[in-house]
Amino acid sequence: PTKIYLKDYTPPSFDVTKVDLDIQLFDEYATVYSKLLMHRRYDGKLVLLGRSLELQSICVNGKSLSADEYTLDDESLTLHDAADELTIETVVRITPQTNTTLEGLYQSGQGDELMFVTQCEPEGFRKITYFPDRPDVLTEYTTRLEAPKRFKTLLANGNLIESGDVGDDRHFTIWHDPTKKPSYLFAAVIANLEVLSDSYTTIEGRDVLLEVYASAHDIDKCHVGMQALKDAMKWDEDNYGRAYDLDRYMIVATSQFNMGAMENKGLNIFNTSCVLSSPETTSDERSFNVKSVIAHEYFHNWTGNRITCRDWFQLCLKEGFTVFRDQSFSGDFRSKAVQRIEDVALLRSAQFAEDAGTLAHPVRPESFVEINNFYTMTIYEKGAEIVRMLANLLGKEKFRQGTDEYFRRYDGMAVTVEDFLSALSVADERVSLFMPWYRQPGTPVLSGSSRIDGDTVVVSLAQVTRHVPNYDAPIALPIPVDTAIFDSVTGEMLASQMLLLTKDQDEFVFDGIQLSDGAHPVVSVLRNFSAPVKLDFNYTDEDLARLVAFETEGFNQWQALQTLVNRWLFGNSDDAAILTDALKTAVTKLKDTDPMLAARLFDLPSEKELAMAYDTDYDPVAVKARRDKLKALIAQALSDVVSDWYASLGNEVYADTPDARGRRLLKNVLLDLSLTAGVDGADALAYEQYKNASCMSERLGALIAIIHHNLEQKQTFIDDFYSRFSDEDLVIDTWLAAQTSASHTSIDEIAGLMARDDFDWNTPNRVRAVLSTLAAKPVQLWSEAGVALCLSAVERLDGSNPLMAARLLTALARWQTLSSEPKVVIKQKLESLQTKAKSKNVLEFLGNMLNG
Ligand code: B3K
Ligand code: ZN
């Protein structure tokens, strides 16, 4: 497969000033008429991109072209002699009914819920019509949709300008989008949906019609999403001064979708899993995720749509910034510390793994084979961390000054990461130091120590980043290290400062530290996880326990405990008293004031995250055993209080507040611990919680506990859950995941779940419910049968949905860290897949995995 390089970027030779589209849907195909007004900007050929299109006719300036006037291949249509101004009209036939790739225009759902939707980012528009399908070609779109009347919903971007009948059985709508946009933001929906409507008046006084479209069965699950949309609109006005710019904002829910959602201009298309929510069917975690994703897609309207990417190498320009924005938004709607804890836990378990494996790449890559393979944790989450470092370094006001400048300068343009940094530098010139963060792969390791000298505290810091093969030798990055000093006796904070390490190593001095009698300074570094690095600091265990007790910043309070946990997991001692005492004291204090943070204090790093510690001879069974042992020790140490704590949380009437969500989470954690400790009557508590559940979080928490602890009545509850929710696809996904996730569920049993009639390979949510859950269970995943199951799924999906196939394959990216015996077997399996796979997506990853 051919690689393309950032350094080869050239601007498009033609602009498209306007495009008129007419998409006519029939039972077995669709016909797409397109009229492009094009205008030459530079010398060069006129190339339109197209894939899987059947060209029926082409006219230039009203004259039909003969075959020798253009060249056609699988990917493009090239005009031999293009004038400087021209109108190109094409007619193509496509077959959305058989398009299983979920890119371009495709069929989703079945029966009453059958619909046709588009997914164009990054290169799906070329599967609809011939077009210069690249993000730096911005165009004004008018779209006519025509379909049988049984599809009552016909939507496209922008404003509805006309609708009517075509004969007795068919009808049409015409939409005009006044904002110029890249083709990847085009969207169309042909469906039979209900709509939930509302309105929002922007700070600029524009009345916006808000619509969420879903099937009749799901329309009552759209209220959480609608509220999230209104909250996001207000938040972007308050925090970034950004108001919405059209008269209409639509969200459409669809059940077959490759990712979470898509920010098409004025017409977002959402995976049902990221928009539907009701207390009975949706856990608190999923419901909060709905809010974050709705906000994310809304925020793209400014960071992505109005200011877009010049080329796909700049993907982090829109994704990193938008993730940072949605994280900040979400943190304003619950405990900020918990928000940060979750974001960091994801970064560590998924992005650090990427950076440590064969698929490591920079936040702004310099080459790729298949751009769809680069919608990664690195681009999104590490991209967000870079923006966060800048935001923290600049402080609220200066960061706002910088983003205002960014929006002022580049509105309506397709730009680069350099442009972004250059706008922010207006507020603080240190911004430009951060460019290497975008270029250099690998996670820096920050090590440090502190020492005291009279009333002076000296903090020494040093950094090192692994040399990722095929990249330049790593250089020192600017690392902001938010640091505070506490008095070990009183717990009082004596000093705090954002240090900026810009060299390989450096020392930072805090003068005039006034300690109380007999006290020593307790240094707390990397507060709020101020940089995406691995930290190794010379804390004593006793000082970590002190930080658990008195660190005022919730993230580092949690982190202090996590550091004790990690030390225990990688140490030889069986004594966990210092850790369990600190945990018990902190939870006692927090469980009433911040129950969600209290619940998170019980976190143990996931098995996947622990795997990161091994570059060779990784033994998943030993890692899991050590982790299970710690969990048992914690449960034992708290067994005298867990039942009381659980009881004190009582049975509440359902409420959707951060506090109530926190108490539900804490209840589930305590239930799990009671079962781990073997507390008398814990089984009965689980059964009771299931039966009396006021909402999905309580019911699912109980179900998971019942399954994971293999309780006697397990099957009864599994069956009950299934029959209660058999017509709720998303809940059945959860049901499959709950069973797959138990450590005692074998690969055979997992294969059994995949052999069920309702297991549908064309529905990514269903496939992920099982296989992404398996990916989080290293012991089974890395068994010979686990690898075989995973690779057979990749092979099967390689033809029908290469995006999903490649995504599943990433679960095996760190295969080289295993010991030599399994490695030999896996290598053979990967090589054998390499001879059979067809898609660029899978082949690019296999190439990296085998040679990287
Ligand atoms: N921009 C889309 C992702 C498109 C992925 C294409 N394979 C969703 C988002 O990040 O908001
Ligand atoms: Zn995004």
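The values are calculated or read from the model by the stated rules, or taken from the named source; none is laboratory data. Being a predicted model, the structure only gives us computed values, none of them experimental. Every residue, glycine as well, gets a Cβ built from its backbone with ideal geometry; the counts of neighbours run over all protein chains shown.
A few points about this structure:
- Any hit, the stretch 345-354, residues being more than 16 Å from ligand 2 (Cβ to nearest atom), of a type in the set (Lys, Arg), farther than 14 Å from residue 440 by Cα and crowded, with 19+ Cβ neighbours inside 10 Å: yes
- Within the stretch 600-635, being more than 27 Å from the chain's Cα centre (by Cα), in a helix (DSSP H, G or I) and either closer than 29 Å to residue 590 by Cβ or among the β-branched types (Val, Ile, Thr) (or both) holds for 621, 626, 628, 629, 630, 631, 632, 633, 634, 635.
- Wholly within the stretch 9-124, strands (runs of 3 or more DSSP E) carrying at least 3 residues that are more than 30 Å from the chain's Cα centre (by Cα): 14-25, 30-40, 46-49, 54-60, 70-72, 76-79, 85-94
- In the stretch 261-274 there is no residue matching the filter, namely being away from ligand 2 (no atom under 16 Å from the Cβ), among the hydrophobic types (A, V, I, L, M, F, W, C) and surrounded by 23 or more Cβ atoms within 10 Å (Cβ to Cβ).
- If you go through the stretch 313-342 and keep only what is within 10 Å of ligand 1 (Cβ to nearest atom) and either within 26 Å of residue 658 (Cα to Cα) or touching a helix residue (DSSP H, G or I) at 6+ places or on another chain (Cβ under 7 Å) (or both), you end up with 315, 319, 322, 323, 326.
- Among the residues making up the stretch 275-304, those that are within 16 Å of ligand 2 (Cβ to nearest atom) and within 13 Å of residue 330 (Cβ to Cβ) are 289, 290, 291, 292, 293, 294, 295, 296, 298, 299.
- Candidate set from the stretch 293-317 (those that are touching a residue at least 60 places away in the same chain (Cβ under 8 Å) and hydroxyl-bearing (Ser, Thr, Tyr)); member that is nearest to residue 387 (Cα to Cα): 308
Okay, residues lined up against (1) of a type in the set (Val, Ile, Thr); (2) modelled with pLDDT of 95 or more; (3) under 23 Å from residue 738 (Cβ atoms); (4) within 23 Å of the chain's Cα centre (by Cα):
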| position | (1), (2), (3), (4) |
| --- | --- |
| 773 | yes, yes, yes, yes |
| 776 | no, yes, yes, yes |
| 781 | no, yes, yes, yes |
| 785 | no, yes, yes, no |
| 790 | no, yes, yes, yes |
| 797 | no, yes, no, yes |
| 804 | no, yes, yes, yes |
| 811 | no, yes, yes, yes |
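- Close pairs from the stretch 3-16: first surrounded by 13 or more Cβ atoms within 10 Å (Cβ to Cβ), partner among the small types (Gly, Ala, Ser) and assigned to a loop (DSSP other than H, G, I, E, B), Cβ under 6 Å, at least 6 apart: 13/44
- Among the residues of the stretch 516-545, those identified as surrounded by 16 or more Cβ atoms within 10 Å (Cβ to Cβ), without any contact (Cβ under 8 Å) to a residue 40 or more places away in the chain and either in contact with a strand residue (DSSP E or B) (Cβ under 7 Å, 6 or more places away or on another chain) or β-branched (Val, Ile, Thr) (or both) are 519, 522.
- Taken over the stretch 92-118, the criterion of being away from ligand 1 (no atom under 16 Å from the Cβ) and farther than 12 Å from residue 29 by Cβ is satisfied by 109, 110, 111, 112, 113, 114, 115.
- Residue selection: residue 405 satisfies the criterion of being more than 16 Å from ligand 2 (Cβ to nearest atom), under 30 Å from residue 140 (Cα atoms) and out of contact with any Gly (no Cβ under 9 Å at 6 or more places or on another chain).
- So residue 322, is it surrounded by 23 or more Cβ atoms within 10 Å (Cβ to Cβ), of a type in the set (Ser, Thr, Tyr) and either under 21 Å from residue 253 (Cβ atoms) or more than 14 Å from ligand 2 (Cβ to nearest atom) (or both): yes
- Residue that is surrounded by the fewest Cβ atoms within 10 Å (Cβ to Cβ), among those in the stretch 290-301 that are within 13 Å of ligand 1 (Cβ to nearest atom) and of a type outside the set (Ser, Thr, Tyr): 293
- Residue in the stretch 250-260 that is nearest to ligand 2 (Cβ to nearest atom), counting only those that are touching a helix residue (DSSP H, G or I) at 6+ places or on another chain (Cβ under 7 Å) and not in a loop (DSSP other than H, G, I, E, B): 251
- Filtered by the rule that a residue be under 26 Å from the mean Cα position of the chain (by Cα) and surrounded by fewer than 16 Cβ atoms within 10 Å (Cβ to Cβ), the stretch 396-411 gives 396, 411.
- The single condition among (1) within 13 Å of ligand 2 (Cβ to nearest atom); (2) free of Cβ contacts under 8 Å to residues at least 12 places away in the same chain that residue 331 does not meet is (1).
- Residue within the stretch 278-289 that is within 16 Å of ligand 1 (Cβ to nearest atom) and either free of Cβ contacts under 8 Å to residues at least 40 places away in the same chain or crowded, with 21+ Cβ neighbours inside 10 Å (or both) present: yes
- Of everything listed in (1) part of a helix (DSSP H, G or I); (2) without any contact (Cβ under 8 Å) to a residue 60 or more places away in the chain; (3) charged (D, E, K, R), the single unmet condition for residue 757 is (1).
- Residue in the stretch 367-384 that is farther than 21 Å from residue 241 by Cα, under 24 Å from the mean Cα position of the chain (by Cα), of a type in the set (S, T, N, Q) and surrounded by fewer than 20 Cβ atoms within 10 Å (Cβ to Cβ) present: yes
- Scanning the stretch 250-277 for residues being of a type in the set (Gly, Ala, Ser), within 14 Å of ligand 1 (Cβ to nearest atom) and closer than 19 Å to residue 120 by Cβ gives a total of 2.
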